[in-house]
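As structure tokens, the structure follows; a few thoughts come after it.
No lab work stands behind these numbers, since they all come straight from the coordinates. Given the structure is predicted, the values throughout are model-derived calculations rather than measurements. Cβ: placed from backbone, ideal geometry, glycine included. Neighbour counts: every protein chain shown.
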């Protein structure tokens, strides 16, 4: 007997294994380490065209996924797709779990978006910015609850980045 999509087990955001053919292969270059327990893997550095493609491929209910109090995944994917230098981190849950999904739990953005240094001096101490500034510049609703962590760091290219992470 052939299984059709209507015969498939329905998960939280689509039929079981809805991520397997397109979304997991697309995100594999961004994954870290190996699958934990065979169904959980983290990703990092998602940006640009891949973020835009993921936004198109997610099922309508999956586009509204939120990591606790974070903006929706669709909001974060749109920001990463349209704002150079912005990257996203998160994780994938795959079948056989019923809660199969892609979740974004962090967004990182280059400091120059918030406090451009006209002299180009990146050796200065990291400039503090407010959560409200981060939201305003990136187009995140001011109704979003602040993240569990909000801090600056230097990425592998020594560029100062600001990261918001929701646990």
Once the piece of chain linking residue 143 and residue 56 is laid out straight, how much longer is it, given 0.36 nm per residue of separation minus the C-alpha distance between them? 28.8 nm
P(r) of the range 17-60 in 5 Å steps, Cα pairs, percent per bin? 5, 20, 31, 27, 14, 4
Using R₀ = 22 Å, calculate the FRET efficiency as 1/(1 + (r/R₀)^6) where r is the Cβ-Cβ separation of residue 12 and residue 37; round to 0.05. 0.80
Can you give the helix-only mean residue ellipticity at 222 nm for the chain, where every DSSP H stretch with n ≥ 4 adds -39500 (n - 2.57) and the sum goes over all residues, rounded to the nearest 500 deg cm²/dmol? -5500 deg cm²/dmol
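Sorted from fewest to most neighbouring beta carbons within 10 Å, what does the list 143, 100, 20 look like?
So the ranking, lowest neighbour count to highest, is 143, 20, 100.
Need one number: convex hull volume per residue for the range 56-108, Cα atoms only, in Å³.
Details: hull volume 4.1 nm³, N = 53.
Looking at the range 56-108, the number lands at 78 Å³ per residue.
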P(r) tail fraction, the range 23-165 - alpha-carbon pairs more than 18 Å apart, %: 56 percent
Which of 35, 18, 131, 162 has the fewest other C-beta atoms within 10 Å, and how do the rest follow up to the most? 35, 131, 18, 162
Along each of the three principal axes of the Cα atoms of the range 32-88, give the extent in whole Å, ordering the values from largest to smallest. 34, 25, 22
For the residues 86, 137, what sequence is obtained by ranking on other C-beta atoms within 10 Å, fewest first? 137, 86
Computed P(r) (all Cα pairs; the range 1-97; 10 Å bins; percent): 15, 47, 30, 7, 1
